[in-house]
Amino acid sequence: MTSTRTRKILIAVLVGLVLLMPIRVDAAVIYPVGQSVTLAWDDEQTDIDHYEVVLIRNVSGVEYGPYVTTTKTIVIPKPKSGIYEVRVRGARNDETPLEFRYSDYCSSVGDTALLKTGVVGKWKVYFKLLGPSGPIIISQEENHVYQTEDDAVGSKS
Amino acid sequence: MYIKPKTMQWGASPDPDVMTYVARWAIPPDAIIYDAAINPGYDVGKVTQCALPLPGMPGFDGELTIGLTARDDVGNESDPVEITVPFDFLAPSPPTGLQVI
């Protein structure tokens, strides 16, 4: 009897713990882009020397950059096809020439990232891979040729 | 049994990141499934032509839709190009009743 009651209490505690656990959502909006992407960010500081942007490629984890700009916007050409997290940080020159102090990174999958709609949300960019070009042609010696342009031209081979 | 092969040709992707091309197929009116987790397709290599039928293609006589995508080093795939054409991948039945007369 006691063990049944104890079991019920334990189950209730476990259920309560599960319900109270924070839900971790890693989903990010994927923005397909062409051969370049234009990025912008906010910063109220006026003493920033320049910003450095890096792209972190999905799967391989390879970092591309830094891409440097003195403004709060930058156009980055496609480094390689794939999905990328974007990070930007500010650099301030502290008296000694060419020695900088860097801020933490602001990440596109961080808590302060904004979607295109202006609302807070995580995102990544997808530099699409260019597909095969031209029509597909299927041929057989001494026979008819089919190609995609006219969608199956000719008779059955 | 001998199935006379056909040749499928296409133009190379202008993207320098292409590592290989992947072919998938479906029998109309079914659409080709391009989800690599569900339908990995057949990796034809970094080429611009290959012989048909590909391994795994159905041995049948009828229309077949073939889709071709480019794939990069981490598995990203391009938009596909497709063609639907009639194929005959069935060899005729062998003769029977062979005898000396």
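Exactly one of these conditions fails for A:Ile30: (1) closer than 25 Å to B:Asn76 by Cα; (2) at pLDDT below 90; (3) among the hydrophobic types (A, V, I, L, M, F, W, C). Give me its number.
All conditions are met except number (2).
Across the range A:65-106, what is the number of residues that are surrounded by fewer than 19 Cβ atoms within 10 Å (Cβ to Cβ), farther than 25 Å from B:Asp15 by Cβ and of a type outside the set (D, E, K, R)?
Final tally of qualifying residues: 14.
If B:Tyr21 meets every condition in (1) touching a Lys or Arg at 6+ places or on another chain (Cβ under 9 Å); (2) free of Cβ contacts under 8 Å to residues at least 40 places away in the same chain; (3) among the aromatic types (Phe, Trp, Tyr) apart from one, which number is that one?
The single condition B:Tyr21 does not satisfy is (2).
Being exposed (fewer than 15 other Cβ atoms within 10 Å of the Cβ) and away from chain A (no Cβ under 11 Å) is the filter here, so list the residues in the range B:48-90 that pass it.
B:Pro55, B:Gly56, B:Pro58, B:Gly59, B:Phe60, B:Leu90
When you look at B:Gly97, is it small (Gly, Ala, Ser) and surrounded by 14 or more Cβ atoms within 10 Å (Cβ to Cβ), yes or no?
It is false that B:Gly97 is small (Gly, Ala, Ser) and surrounded by 14 or more Cβ atoms within 10 Å (Cβ to Cβ).
What's the number of the only condition in (1) in contact with a strand residue (DSSP E or B) (Cβ under 8 Å, 6 or more places away or on another chain); (2) more than 13 Å from chain A (Cβ to nearest Cβ); (3) over 19 Å from A:Ile136 (Cβ atoms) that B:Ser93 fails to meet?
Going through (1) in contact with a strand residue (DSSP E or B) (Cβ under 8 Å, 6 or more places away or on another chain); (2) more than 13 Å from chain A (Cβ to nearest Cβ); (3) over 19 Å from A:Ile136 (Cβ atoms) one by one, B:Ser93 breaks only (1).
Just to check your reading of the model, which residue among B:Leu54, B:Leu90, B:Leu98 is within 11 Å of the chain's Cα centre (by Cα) and either assigned to a loop (DSSP other than H, G, I, E, B) or at pLDDT 90 or above (or both)?
Of B:Leu54, B:Leu90, B:Leu98, the one residue that is within 11 Å of the chain's Cα centre (by Cα) and either assigned to a loop (DSSP other than H, G, I, E, B) or at pLDDT 90 or above (or both) is B:Leu54.
Conditions first: (1) of a type in the set (A, V, I, L, M); (2) out of contact with any strand residue (DSSP E or B) (no Cβ under 9 Å at 6 or more places or on another chain); (3) assigned to a strand (DSSP E or B). B:Leu68 passes all but one, so which condition is the exception?
(2)
Only one of (1) under 15 Å from the mean Cα position of the chain (by Cα); (2) over 28 Å from A:Phe127 (Cα atoms) fails for B:Gly41. Which number is that?
Just one mismatch for B:Gly41, condition (2).
The values are calculated or read from the model by the stated rules, or taken from the named source; none is laboratory data. If you're wondering where the values come from, they're calculated on a predicted model, not measured in any experiment. Cβ atoms come from the backbone with ideal geometry, glycine included; neighbour counts cover every protein chain shown.
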